[in-house]
Amino acid sequence: MASNWVGELIYEGKAKRVYRVNNEFLVMEFKDEVTAFDGVRKEYAPGKGRLAAAQTAFFMRLLDKYGIRNHLVDWDGDRKILVRSLKMIPIEVIVRNYAYGSFLRRMPLVRPMTKFSRPLVEFHLKSDELHDPLITMDDIVEAGLASREQINEIVNTALSVNSILSELMISRGLVLVDFKLEFGVDKSNNVVLADELSGDTMRVLINGRHLDKELFRKGASAMDLVKAYEELNKLLGIP
Ligand code: ADP
Ligand code: CDP
C-alpha cells in the first residue's frame with residue numbers, strides 16, 4: 001500500500017487529478033465523478049474513482065504480462081495510481097470491433113453493431129473545443145505530433161491490446177465493442193501506453209447490456225453506472 005505518495009497538483013481533468021511526485025513519476029487520482037458530452041453533464045459518483053483505478057491497474061498489469069509497455073508503476077488499492085511521467089502525444093487512438101458511436105455518426109451507411117471485417121484503428125485530435133475531430137496519419141506527421149514509425153508502432157500496439165482484451169472479455173461472456181487509448185513518449189524516446197483503461201474509455205456489453213459509460217450517456221444515473229462497474233469488476237475478477 002503506497003498511499004503516502006505525495007506531489008503537487010499539476011492538472012485537473014474531467015476524470016482525474018494529476019500530481020507530480022518528481023521528474024520521473026506522477027500520481028493520477030480518479031475522481032468520484034462522471035461526465036459526458038465534453039463535460040456538459042456531470043454527476044457525483046461515489047465509489048467510481050476506486051472502481052476505475054482498479055480496472056486501469058488490472059488491464060495495464062495484464063498488458064504488461066504480454067509485453068505491452070505501459071506507464072503503470074503501482075496502484076494504492078483505492079483511487080490513485082502511480083505512473084511514469086511521459087510527454088503525451090495529444091491524440092486519442094480508437095479501436096473498434098463493432099459499429100457504434102461516432103463511427104455511425106460519420107458513416108450512417110453501416111448498421112449499428114455490425115461486426116467489422118477486421119478491427120478499425122482511428123485517430124482523433126485531443127481537443128474538447130473541436131470535439132476531438134477525426135484526423136489522418138498524414139495530419140499527425142505534418143503537425144509534428146508523431147513520426148510515421150511511431151504511428152505504425154501505435155497501430156500495432158493498439159491492435160495487440162484489442163486482441164488481448166477481446167479474448168479476455170469473450171472468456172467472461174462479454175463483448176468489447178470499442179475503446180480509446182492514449183500514448184506518450186519517455187525520455188529514451190520509447191512510445192508508451194498511458195492514461196486509463198476503464199469503463200469510461202471502452203464499451204463493453206453483457207447480453208447486449210452496457211457495463212460502461214454509455215449507460216450514463218444514455219441517461220442512467222451515476223449510481224447505476226457505479227453498479228455496472230461493480231458488475232464488470234466482479235466478472236473480470238478485479239478486486
Ligand atoms: P482530460 O484531460 O481528457 O479531461 P483526465 O481527467 O483523464 O483527462 O486527465 C488526465 C490527463 O493526464 C490527460 O490529459 C492525459 O493525457 C494525461 N496523462 C495520462 N497519462 C499520462 C502520463 N503517463 N504522463 C503524463 N500525462 C499523462
Ligand atoms: O462516445 P462517442 O460516441 O462520442 O465516441 P466514439 O468515437 O464512438 O468512442 C469510441 C470509444 O472511445 C468509446 O469506447 C468511448 O468510450 C471511447 N472514448 C473515450 O474514452 N474518450 C473520448 N474522448 C472519446 C471516446
Original post:
So what J values fall out for the stretch 169-174 if you push phi through Karplus, 6.51 cos²θ - 1.76 cosθ + 1.60 with θ = phi - 60°, rounded to Hz, Gly and Pro as x?
Top reply: 4, 4, 5, 10, x, 10
Original post:
Once the stretch 182-233 is represented by equal point scatterers at the alpha-carbon sites, with solvent omitted, what log10 I(q)/I(0) does the Debye formula produce at q = 0.14, 0.18 Å⁻¹?
Top reply: -0.46, -0.60
Original post:
Taking the stretch 45-94, which chymotrypsin sites (Phe, Trp or Tyr not before Pro) meet the DSSP loop condition and have no more than 10 other C-beta atoms within 10 Å?
Top reply: Tyr66
Subject >> For the stretch 148-155, Karplus couplings with θ = phi - 60° (6.51, -1.76, 1.60), whole Hz, Gly/Pro x >> reply: 4, 5, 5, 5, 4, 5, 4, 5
**OP:** Treating cross-link reach as a plain straight distance, find the lysines whose alpha-carbon is under 23 Å from the alpha-carbon of Lys42, omitting any fewer than eight places away in the same chain.
**Re:** Lys14, Lys16, Lys31, Lys80, Lys126, Lys180, Lys213, Lys218, Lys227
**OP:** Treating only the Cβ atoms of Lys and Arg (+1) and Asp and Glu (-1) as charged, compute the dipole magnitude of the chain about its Cα centre; round to the nearest 20 debye.
**Re:** 700
Original post:
For the chain, what size does the Cα cloud have along each of its three principal axes, sorted from largest down, in whole Å?
Top reply: 51, 44, 36
Original post:
Hey, what D do you get for the stretch 45-128 in µm²/s if you plug the Kirkwood alpha-carbon radius into Stokes-Einstein at 20 °C and 1.002 mPa s?
Top reply: 138
Subject >> Computed magnitude of the charge dipole of the stretch 38-157 (debye, nearest 20; Cβ of K, R +1, Cβ of D, E -1) >> reply: 580
Original post:
When N is the residue count of the stretch 47-184, what does its C-alpha Rg come to as a fraction of 2.2 N^0.38 Å?
Top reply: 1.11
**OP:** Calculate the spin-label point distance for Asp78 paired with Tyr66, positioning each point 7 Å from the Cα along the beta-carbon direction, and give it in nanometres.
**Re:** 3.2
**OP:** Go ahead and estimate [θ] at 222 nm for the chain from helices alone: -39,500 (n - 2.57) per DSSP H run with n ≥ 4, summed, over the residue count, rounded to 500.
**Re:** -9500 deg cm²/dmol
**OP:** Can you give me the P(r) profile for the stretch 1-94? Cα pairs, bins 10 angstrom wide beginning at 0, each as a whole percent.
**Re:** 16, 45, 35, 5
Subject >> Label zone at Leu104, where the point sits 7 Å out along the Cα-to-Cβ direction: the stretch 159-194 residues whose backbone N lies under 19 Å >> reply: 175-180
**OP:** Loop only per DSSP, at most 12 neighbouring Cβ atoms within 10 Å: give me the trypsin sites (Lys or Arg not before Pro) in the stretch 131-204, ordered by residue number.
**Re:** Lys187
Subject >> Per DSSP, loop GluC sites (Glu not before Pro) in the stretch 1-64 with at most 14 further Cβ within 10 Å >> reply: Glu24
**OP:** For the stretch 15-69, report the translational diffusion coefficient in µm²/s to the nearest whole number, using Stokes-Einstein at 20 °C, 1.002 mPa s, and a Kirkwood Rh over Cα pairs.
**Re:** 166
**OP:** For the stretch 136-239, just run the numbers: alpha carbon Rg, then divide by 2.2 N^0.38 Å, N being how many residues it has.
**Re:** 1.27
**OP:** Quick one: which residues, 5+ away or cross-chain, put their amide H under 5 Å from the amide H of Ile89? H built at 1.01 Å from N.
**Re:** Phe183, Gly184, Val185
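We did not get these values from a lab; they are worked out from the coordinates using the rules stated. Nothing here was measured: the structure is a model prediction, and the numbers come from that model. With ideal geometry, Cβ positions are generated from the backbone for all residues, glycine too; neighbour counts draw on all protein chains shown.
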